[in-house]
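Quick notes on the structure that follows.
A short reminder: the numbers here are calculations on the coordinates, not readings from a lab. Note that the structure is predicted; figures quoted are calculated from it, not measured. No Cβ is skipped: glycine too gets one built from the backbone with ideal geometry, and neighbour counts run over all protein chains shown.
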Amino acid sequence: MKLINIGFGNLVSDERIISIALPESAPVKRIAQEAREKGMLIDATYGRKTKSVIVMDSEHVVLSALTPEAIAVRHGSYTEITEEDDLND
C-alpha cells in the first residue's frame, strides 16, 4: 500500500483513488455537496482554495489544495496530454 501526500501532511491510499478532478464543474460540485450531506466529505485544504476533488472507492470525497496534476504526479499516473492529442481523440 502506497500513501500519497495530498497537502499539509494529509495522506490517502493510492489504491483507493478512483478519480482526481478540478472542482469548477457543476457535476463535481454536486458530488462534493452530496458527500457533505452524507457526512462523507473530508476537507484537507486547511482553509485554502480547493484545487482538486479526489473521489475514493469508499464513497468518500476528499478536497485538496493541491492541483490534480500535482497529486497525479505523486500517484505516478500523470501523463501530459497536449491540445493536439485532445483534438485527435
Review point. Convex hull over the Cα atoms of the range 1-70, averaged projected area in nm²?
Key: 4.4
Revision key, fill the gap. Toy charge model, Lys and Arg Cβ at +1, Asp and Glu Cβ at -1: the chain dipole around Cα centroid in debye, rounded to 20, equals 680
Review point. Among 25-31, 4-10, what's the highest-first ranking by average C-beta atoms within 10 angstrom per residue?
Key: 4-10, 25-31
Check your understanding: Picking from Ala26, Thr67, Gly9, whose Cα lies most toward the positive end of the charge dipole for the chain (charges on Cβ: Lys, Arg +1; Asp, Glu -1)?
Key -> Gly9
Point to revise | Helix-only mean residue ellipticity at 222 nm for the chain, each DSSP H run of n ≥ 4 adding -39500 (n - 2.57), per residue, nearest 500 | key: -8500 deg cm²/dmol
Practice item. Measure off 7 Å from each Cα along the Cα-to-Cβ vector at Ala21 and Ser77, then give the distance between these two points in nanometres to one decimal. Key: 1.4
Exercise for review: Be a star and scan the range 51-73 for residues whose amide nitrogen sits under 14 Å from the point 7 Å along the Cα-to-Cβ vector of Met1.
Suggested key: 57-58
Practice item. Go ahead and collect, in residue order, the members of the range 15-30 whose backbone nitrogen is under 17 Å from a label point 7 Å along the Cα-Cβ direction of Glu59. Key: 17-19, 30
